[in-house]
1. Scan the stretch 162-182 and tell me whether some residue there is over 27 Å from Gly94 (Cα atoms), β-branched (Val, Ile, Thr), away from the ligand (no atom under 16 Å from the Cβ) and without any contact (Cβ under 8 Å) to a residue 60 or more places away in the chain.
2. Output yes when any residue across the stretch 29-49 is basic (Lys, Arg) and part of a helix (DSSP H, G or I), and no when none is.
3. Being out of contact with any Cys (no Cβ under 7 Å at 6 or more places or on another chain), under 16 Å from Cys218 (Cα atoms) and open to solvent by 20 Å² or more (accessible area, probe 1.4 Å) narrows it down to one of Arg79, Arg60, so name that one.
4. Looking at (1) loosely packed, with under 15 Cβ neighbours inside 10 Å; (2) outside any helix (DSSP H, G or I), which one does Ala317 not meet, given that it meets all the others?
5. Please go through (1) within 21 Å of Ala192 (Cβ to Cβ); (2) within 14 Å of the ligand (Cβ to nearest atom) for Ala81 and return the number of the only condition it doesn't satisfy.
6. Regarding the stretch 153-165, can at least one residue be identified that is part of a loop (DSSP other than H, G, I, E, B), touching a helix residue (DSSP H, G or I) at 6+ places or on another chain (Cβ under 9 Å), more than 20 Å from Leu207 (Cα to Cα) and open to solvent by 20 Å² or more (accessible area, probe 1.4 Å)?
7. If you check Gly217, Gly228, which single one turns out to be surrounded by 20 or more Cβ atoms within 10 Å (Cβ to Cβ) and in contact (Cβ under 8 Å) with a residue 40 or more places away in the chain?
8. Go through Val378, Val330, Val368 for me and flag whichever is surrounded by fewer than 18 Cβ atoms within 10 Å (Cβ to Cβ) and of a type in the set (A, V, I, L, M).
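The values are calculated or read from the model by the stated rules, or taken from the named source; none is laboratory data. Fair warning: this is a prediction, and the values are worked out from it, not measured in the lab. Counting neighbours? That spans all protein chains shown, and the Cβs are built from the backbone with ideal geometry, glycine included. Protein only, heavy atoms only, side chains kept; ligands, DNA and RNA dropped before computing areas. Shrake-Rupley method; radii C 1.70, N 1.55, O 1.52, S 1.80 Å.
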Amino acid sequence: MSDLARTARQRDADDPLASRRALFVLDDGVYLDGNSLGALPRSVPGRVEDVVRRQWGALRIRSWDESGWWTAPERIGDRIAPLVGAAAGQIVVGDSTSVNVLKALVGAVRMADDARDEIVVDATTFPTDGYIAESAARLTGRTLRPVRPDEVPAALSGRTAAVLLNHVDYRSGRLHDLPSLTAAVHAAGAIAVWDLCHSAGALPVGLDEHGVDLAVGCTYKYLNGGPGSPAYLYVRSGLQDRFDSPLPGWNSHAEPFGMREAYEPAAGALRGRVGTPDILSMLALEAALEVWDGVSIDAVRAKSLALTDFFLECVRAYVPEGRVESLTPVRHEERGSQVALRCAPDAGDVMKRLIGRGIVGDFRRPDVLRFGFTPLYVGFADVERAARVLAEELR
Ligand SMILES: Cc1ncc(COP(=O)(O)O)c(C=O)c1O
């Protein structure tokens, strides 16, 4: 056994989160793609079976009340809230991240005065945010200004209505400085909207602490909600009265069953709801969130950094020099929970071979091997094995 393998074994033995692994369905491979689709928590299949057979099959329409279906979006929002540093009453779950980006960004611009004629967006963003920001600009009669995250402070002015940023870059795993960028947006008098897809469940976000205005995120990555599980929308309590959703469906009406002709928005985070919630996915997510009971997000962050550090150390030790180049920031303050390795010209083939050997990461065009580290179920021995197999494939 190598020194690194021995170190890995010891660190797994000392890991306070190691027992969480038993809460997930895993195989004998190494799953490093939880930043795309989290693994299945063991609590989910039984819950889904109950929701389908008893709540739907037996109780039918009664379940909207008796099984808490109607209030699920805000109840599950409150369950996610502590994971992203938010007090209760500010998050609703539902729709996809893309749809929530539209709600958040148009809602943000509608809070700004008419003289603010620009929307600033991260030019390196995950594509959906860019597409939707462009549409939000057209819908609100503003101009879209794509800039790199490090250029955002210089791009802000009295013309800025709202700024849409990613907390962690999906390609490189770079963590952007949410507190200082939010403060800069506020200093310019604009509204800050954050996409938390790659940070929620992997590191502390501190939405309330840092005064974030609106935020969105998915639940199928580090929150393990399952394929296509609903996303969420955060609207800071102080802004909720001013939040004017571009999708004012009947579920966000002050009196949804009043069936009124005129729209009157509900109070609070409920304004972020649209139509009938996707109950099956939503209640699968609710069951999945049980793995967080008693977990501190600071402990998750500490382990995440230890895992990515250790992976980079193993890659340096095992992989032939020059064969890969890490795109992941060295500084912890700039690192999310993934490692991206440039591997030209054969990253796609290399990832296929790794997956064939049970080491599951993903490939991002044109030449990036991406590995996500989910601290609740990835251990140090997994990390050492992944780097060792990668080295074998690259030799
Ligand atoms: C940063 C980011 N935003 C948005 C999305 C897409 O969200 P959805 O498919 O839920 O609309 C993703 C998907 O991976 C993402 O990584």
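1. The answer is no, given that none of the residues of the stretch 162-182 is over 27 Å from Gly94 (Cα atoms), β-branched (Val, Ile, Thr), away from the ligand (no atom under 16 Å from the Cβ) and without any contact (Cβ under 8 Å) to a residue 60 or more places away in the chain.
2. Yes, that holds for at least one residue.
3. When all the criteria are applied, what remains is Arg79.
4. (2) is the only condition that Ala317 fails.
5. (2)
6. Yes, the stretch 153-165 has at least one match.
7. On inspection, the qualifying residue turns out to be Gly217.
8. Val330
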